[in-house]
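Working notes, structure below.
The numbers here are math on the coordinates, done by the rules we state, and not lab data. Only a predicted model underlies this, so the values are computations on that prediction, with no experimental measurement involved. Because the Cβ atoms are built from the backbone with ideal geometry, glycine has one as well, and the counts that use them run over all protein chains shown.
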Amino acid sequence: MGAVITIYIDADACPVRDETFKVAERHDVPVFVVANSFIRVPRHPLFKSQIVSDSFDAADDWIAERASPQSVVITSDILLAGRCIEAGATCIAPNGKPWTNDNIGSAIATRAIMADLRAGAEQPNLGGPPPFSARDRSMFLQSLHEAIVTLKRR
């Protein structure tokens, strides 16, 4: 029997925790909800809350150290996704977009460019991501289900 599939949620501001619990329960997959403060997790033997220190990137470090080819990492943090992809993990953004070797490099580069633009005092407000939608939630549910099915087949 292979290694146990595990889901790690980068929980700060994650809008799809409840959806993750539903899919994980259906597939009998453990979930770690990782944050630097208390986040309510349903009482279920598969679901664990992992509180880390409030030091910079503590939650990211905790997840990245455990990421493996049998992991699904849910995060909107591009740099964390990059670290987890390097470890062989499957990474999914809360809108259902998979982070992959094919798209993570350009996402990291775009992030750096946007940070530089925001740092310029004379630049106008560049806005943020679009609002989270019902379609995003649906895409996430589908992506997570497909990721788990794929890992189970390995």
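Structure notes:
- Residues 63, 148, arranged from fewest to most other Cβ atoms within 10 angstrom of their Cβ, appear as 148, 63.
- Overall form of the range 1-76 per C-alpha gyration tensor (a/c, 1.5; a/b vs b/c): oblate
- Centre-to-centre, using Cα atoms only, the range 1-31 and the range 130-154 are separated by 11 Å.
- Extension gain, residue 53-residue 153: 0.36 nm per intervening residue step, less the Cα-Cα distance, totals 32.4 nm.
- The listed peptides 17-30, 45-58, ordered by packing as a protection proxy, come out as 17-30, 45-58 (highest mean of other Cβ atoms within 10 Å first).
- Positive minus negative residues near residue 22 (Lys, Arg vs Asp, Glu; Cβ under 14 Å): -1
- Model label sites at residue 138 and residue 39, defined 7 Å from Cα along the beta-carbon direction, differ in position by 2.5 nm.
- Counted by Cβ distance under 9 Å from residue 60, the other residues give a net charge of -3, where Lys and Arg count +1 and Asp and Glu count -1.
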